[in-house]
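See below for the structure under consideration.
The values are calculated or read from the model by the stated rules, or taken from the named source; none is laboratory data. Owing to the predicted nature of the structure, the values given are computational and were not obtained by experimental measurement. Cβ placement follows ideal geometry from the backbone for every residue including glycine, while neighbour counts extend to all protein chains displayed. Heavy atoms of the whole protein, side chains included, go into the accessibility calculation; ligands, DNA and RNA do not. Shrake-Rupley method; radii C 1.70, N 1.55, O 1.52, S 1.80 Å.
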Amino acid sequence: MEPDRSEQEWITRCQRGDKEAFGFLVGRYMKQAYYVALGFVGSHDDALDLSQEAFARAFKAIGRFEPGRRFYTWYYQILKNLCLNFVRARKKRPIVSCALAEDVDGREPREPVSTDPLPDAQCEAAELRQNLWQALWDLDPEDRALIVARDMLDTSYRMLAELMECPQGTVMSRLYYAGRRLRECMERRMG
Amino acid sequence: MTELNEREVTLLMKALDGALTDAERVEFEQLLSASSTLRDEWQSLKRVKEVTMTMKFKRPAEETWDHYWAGVYARIERGLAWLLISIGAAIFLAVGIYQMVLSLLEDVATPLYLKIGVGAVALGFAILVVSVLREKWNTWKTDKYKEVKR
């Protein structure tokens, strides 16, 4: 995916030390960055903190940014490494329930809304969701981030391939194995 | 469990996304009827996918985005501040140590063995600094991900 012309111009301005231009890039990508970090770390405060820190580091390193690349692809590598370091350094598992919305539009509550017509089916689906959500946090952070990006954030294979710097077929394959591992974690949880 | 081949994985993932073309759908159905492994994988991953698709993160309050840039800006400023403090502190320290070593060596009352000891420590430290800096420089020159903080 080629960067658009205006983005290149903003980057050139950033490379001359223009913080306002960098503010434009931050505004463009902050939500994506936040949700990607949330997929890795699972808590609002940490995701906010890490995504902002990654932007600050990107600004410091912007002089070495290679023209022709997309800013977000480059920034993603910084963010991903920051998040992985954070997750590995953290001893205890994150409190993950607070990051999940009950409503499919991401509004207030805590679990995804159910579309099952019967109460029993709704209970079963809710339990399944709860187990699956917990199982996500048993996974390796890169597997989790991939599943979150594809299924929860609806990131295209094309974009994932660009971010992961590999062919789309490889992304599909990694997603398949991540899905299998998720299923295994879930089965273990459900006994 | 028998492993799926690359084509089966591709079709399976496309099927999970509802992104199969007509020809691929026919091919996938043929593979499904021929392979119980693929059938099992399809059923279980479809169920997992149906659930993950309904999960969404909470949306942060709008103020989060309003103040986002200010948070990044503060970090950039603080980074610059720390850089300046570090450079200043390093200069103070280096000059202080240099003056101390010099005064010890120039002092006629300082015994010879102490002068040799101080000189050896200073020389060893200088070699160590140069060695570390040279190693860092070589690593930096050859690292394609040098912009990435590990």
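Here are the numbers for this structure:
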quantity: Positive-end residue of B:83, A:147, A:137, charge dipole of the protein assembly as shown with Cβ unit charges; calculated: B:83
quantity: Contact order normalised by residue count of segment A:5-89, Cα under 8 Å, 6+ apart, percent; calculated: 32 percent
quantity: Where A:164, A:30 fall by accessible area, highest first, once all protein chains stay in place (1.4 Å); calculated: A:164, A:30
quantity: Total charge dipole magnitude, chain B, about the Cα centre, Cβ charges on Lys, Arg, Asp, Glu only, Debye to nearest 20; calculated: 460 debye
quantity: Expected 222 nm ellipticity per residue - DSSP helices of 4 or more, -39500 (n - 2.57), all of chain B, to 500; calculated: -27500 deg cm²/dmol
quantity: Accessible area (Å², 1.4 Å probe, nearest 10) - residue B:53; calculated: 90 Å²
quantity: Under-5 Å amide H pairs with residue B:57, H placed in peptide plane, nonlocal only; calculated: A:101
quantity: Whole-angstrom Cα spans of segment A:5-89 along principal axes, big to small; calculated: 35, 20, 18
quantity: Nearest-10 value in Å² for the accessible area of residue A:146, using the 1.4 Å probe; calculated: 10 Å²
quantity: Which listed pairs, of B:115/B:136; A:19/B:141; A:60/B:136, have C-alpha distances above 20 Å, in listed order; calculated: B:115/B:136; A:19/B:141
quantity: Range of Cα positions in chain B per principal axis (Å), largest first; calculated: 96, 45, 24
quantity: Leading residue at positive end of dipole, the protein assembly as shown (Cβ point charges), from A:50, B:33, B:117; calculated: B:117
quantity: Coarse-grained scattering of segment B:6-54 at q = 0.31 Å⁻¹, given as base-10 log I(q)/I(0) from a Debye sum over alpha-carbon atoms; calculated: -1.24
quantity: For a label point 7 Å along the Cα-to-beta-carbon line of residue B:74, residues of segment A:29-49 with backbone N under 12 Å; calculated: A:49
quantity: Ranked order, B:54, A:73 - accessible area, probe 1.4 Å, largest first; calculated: B:54, A:73
quantity: Mean-position separation - Cα centroids, segment A:132-153 and segment B:18-79, in angstrom; calculated: 9 Å
quantity: 3J(HN,Hα) from dihedral phi, segment A:14-27, Karplus parametrisation 6.51/-1.76/1.60, rounded to Hz, x for glycine, proline; calculated: 4, 5, 8, x, 7, 6, 5, 5, 5, x, 5, 5, 4, x
quantity: Mean Cα-pair separation over length for chain B, i.e. relative contact order, pairs under 8 Å, 6 or more apart, %; calculated: 12 percent
quantity: Accessible area in the full protein assembly, largest first, 1.4 Å probe, for B:68, B:98, A:76; calculated: B:98, A:76, B:68
quantity: Euclidean distance between Cα centres, segment B:107-146 to segment A:155-171, Å; calculated: 46 Å
quantity: Per-residue HN-Hα couplings for segment A:165-174 [Karplus 6.51, -1.76, 1.60; θ = phi - 60°; Hz; x = Gly/Pro]; calculated: 6, 8, x, 4, x, 5, 4, 4, 5, 5
quantity: Positive minus negative residues near residue B:70 (Lys, Arg vs Asp, Glu; Cβ under 15 Å); calculated: -4
quantity: Quotient of Cα Rg and 2.2 N^0.38 Å for the protein assembly as shown, N being how many residues it contains; calculated: 1.32
quantity: With DNA, RNA and ligands ignored, accessible area of residue A:29 (1.4 Å probe; Å², nearest 10); calculated: 10 Å²
